[in-house]
């Protein structure tokens with residue numbers, strides 16, 4: 001099964017791993033070798049993050065991963081695996097990231113184009129007019145959740161509404177880290193609950209359950225989790241006060257936007273078009289690049305004073321100045337001088353170069369992953385985990401732990417669904433558990449945790465798009481933190497655990513998000 005990736009997914013690889021694909025033959029990795037590699041992995045990666053903090057993604061983490069991959073390769077060579085086999089596994093792993101890396105670069109160009117065209121400034125202006133600091137965090141989370149449900153894409157939600165919300169937060173003098181947590185929380189809840197999402201389709205396809213049954217079953221955990229998350233965001237907002245100084249700053253922010261740009265409804269055409277293309281399931285790279293070009297044309301038609309100022313800031317002259325400025329916007333980003341330092345720092349961003357570190361991070365992660373997969377380290381961990389299963393609760397916990405582990409080791413959200421799904425499917429059936437228990441656990445352990453890992457493709461994307469480090473927004477991703485804990489509680493207390501016998505007798509659970517009885521339920525694969 002090959003499924004074309006689109007803007008409708010959480011993660012953006014164009015190809016979803018085939019659940020029937022054959023993985024490298026298991027190697028006889030000894031306990032000593034596995035323990036050594038695990039210790040090195042934790043020590044080197046933990047050391048990079050501990051020494052460099054949020055700056056670790058600028059190179060320290062990448063070096064740590066490549067050194068871990070080198071040591072793993074030495075272990076493989078010691079165990080009789082040829083370098084050509086290890087190299088082939090690295091190539092196979094990195095090949096999975098080719099299109100996601102193109103998407104990273106195209107998103108950088110898109111952000112620069114939307115700054116130049118006035119799309120993001122208009123969203124900021126409207127957002128600051130309609131929202132208030134006192135209710136901002138829960139409102140941000142709820143808006144992102146609704147948009148993500150409609151389009152089935154946390155990534156597109158972050159690239160459009162999320163970027164605007166970060167800007168509004170700066171205008172209100174609120175925390176960008178908390179705002180990013182609210183964006184991620186809302187976007188991932190909506191993505192999980194949307195039948196348009198790739199991962200929401202992939203999990204039941206791997207587990208063998210029905211799409212809408214899967215969504216209903218997830219809702220028992222996800223709906224209480226988002227309610228609790230909104231409550232936490234509300235509690236944070238209670239301590240956010242508005243004073244005269246803040247009101248004055250907001251006014252200055254709005255004046256800077258209005259004096260520099262032509263604020264009008266047509267500036268939002270690129271944003272609306274991107275959301276429409278997401279719903280239509282146009283491949284991500286094509287949609288993003290197409291909207292970028294449209295935004296550049298719109299800038300020439302509606303924002304020539306901004307374009308001319310950008311040309312002057314670059315010090316360009318002559319007949320080629322305009323073309324060179326547009327080119328620079330795409331590869332090096334946009335910059336502006338409004339007279340308001342905060343507005344300037346917010347809008348002066350974008351460009352493909354801004355995503356280069358992220359591409360480097362993903363390539364380093366996949367290099368390490370390819371070696372660890374080939375020498376049998378990933379398989380060793382999975383088999384070790386199987387010894388922990390003694391009850392329904394421990395099976396669900398192990399399934400979720402496996403998903404989290406694959407996310408950490410491979411940086412690939414799709415594999416965090418496919419590999420545990422393949423591994424534990426028979427065990428769920430053996431224990432008389434319905435397939436929707438497995439599909440829900442795959443999402444609770446894989447989909448939900450992916451944006452919390454700095455080197456995972458989802459964490460890389462969110463950090464690069466929102467310009468907030470993964471470890472900075474992680475404590476405020478209330479939904480992503482609460483949901484797995486609640487899922488574990490349900491598992492150990494046997495709450496909403498469906499048995500195969502329940503299905504055979506026709507007993508069905510109903511949930512707050514269950515469609516009407518007339519709704520026709522069909523398994524579907526997005527893309």
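Order of 402-413, 463-474 by packing, highest average Cβ count within 10 Å first?
Listed from highest to lowest mean packing, they are 402-413, 463-474.
What FRET efficiency comes out for the pair residue 294/residue 485, r = Cβ-Cβ distance, R0 = 41 Å, nearest 0.05?
So the FRET efficiency works out to roughly 0.45.
Label points 7 Å out from Cα along the Cβ direction at residue 30 and residue 431: separation in nm?
3.4
Below 8 Å, C-alpha to C-alpha, sequence gap of six or more: please give me the relative contact order for the chain in percent.
27
Give me 248, 394 ranked fewest to most by other Cβ atoms within 10 Å of their Cβ, as a rough exposure proxy. Could the numbers behind the result be given before it?
Values: 248 10, 394 15.
Exposure proxy ranking, most exposed first: 248, 394.
Can you work out the FRET efficiency for the pair residue 258 and residue 345, with r the C-beta to C-beta distance and R0 = 22 Å, to the nearest 0.05?
Efficiency, from the Cβ-Cβ distance: 0.75.
How many angstrom lie between the Cα centre of segment 456-479 and the Cα centre of segment 170-239?
14
Running Debye on the chain with equal point scatterers at the Cα sites and no solvent, what base-10 log of I(q)/I(0) appears at q = 0.06, 0.07, 0.09, 0.10 Å⁻¹?
At q = 0.06, 0.07, 0.09, 0.10 Å⁻¹ the computed log10 ratios are -0.29, -0.39, -0.65, -0.79.
Please give the length that would be gained between residue 84 and residue 337 if that part of the chain were fully extended, namely 0.36 nm times their separation in residues minus their C-alpha to C-alpha distance (nm, one decimal).
85.7 nm
Scale the Cα Rg of segment 92-173 by the rule-of-thumb value 2.2 N^0.38 Å and send over the ratio, two decimals.
Here the answer is 1.26, to two decimals.
Once you place label points 7 Å from the Cα toward the Cβ at residue 92 and residue 499, how far apart are they in nm?
With each label point 7 Å from Cα toward Cβ, the separation is 4.1 nm.
Evaluate the relative contact order of segment 99-354 (contact order divided by residue number), counting alpha-carbon pairs under 8 angstrom at least 6 apart; express in whole percent.
Relative contact order here is 34 percent.
With the crude spin-label approximation of a point 7 Å out along Cα→Cβ, what separation in nm comes out for residue 238 versus residue 251?
Simple spin-label model gives 3.1 nm for this pair.
Figure the gain on full extension for residue 265 and residue 43 (residue separation times 0.36 nm, minus the Cα-Cα span) and round it to one decimal in nm.
74.7 nm is the gain from fully extending residue 265 to residue 43.
Of the listed peptides 182-188, 114-120, what is their order by residue-averaged count of other C-beta atoms within 10 Å, with the highest listed first? Could the numbers behind the result be given before it?
Working: 182-188: 32.7, 114-120: 30.3.
Ranked by mean Cβ neighbours within 10 Å, highest first: 182-188, 114-120.
May I ask you to sort 423, 304 by Cβ crowding, counting other Cβ atoms within 10 Å and putting the fewest first?
Taking fewest neighbouring Cβ atoms as first place, the list is 304, 423.
Counting other beta carbons within 10 Å of each Cβ, put 139, 365, 348 in order, fewest first.
Ranked by crowding around the Cβ, least crowded first: 348, 139, 365.
R0 = 22 Å: FRET efficiency of residue 135 with residue 227, Cβ-based, nearest 0.05?
FRET efficiency, residue 135 to residue 227: 0.85.
Using only the alpha carbons of segment 99-354, what is the convex hull's orientation-averaged projected area in square nanometres?
14.1
Every number in this text was worked out from the coordinates using simple rules, so none of it is lab data. Keep in mind that this is a model prediction, so the values were computed, not measured. Don't worry about glycine lacking a Cβ; one is built from the backbone with ideal geometry, like all the others, and counts go over all protein chains shown.
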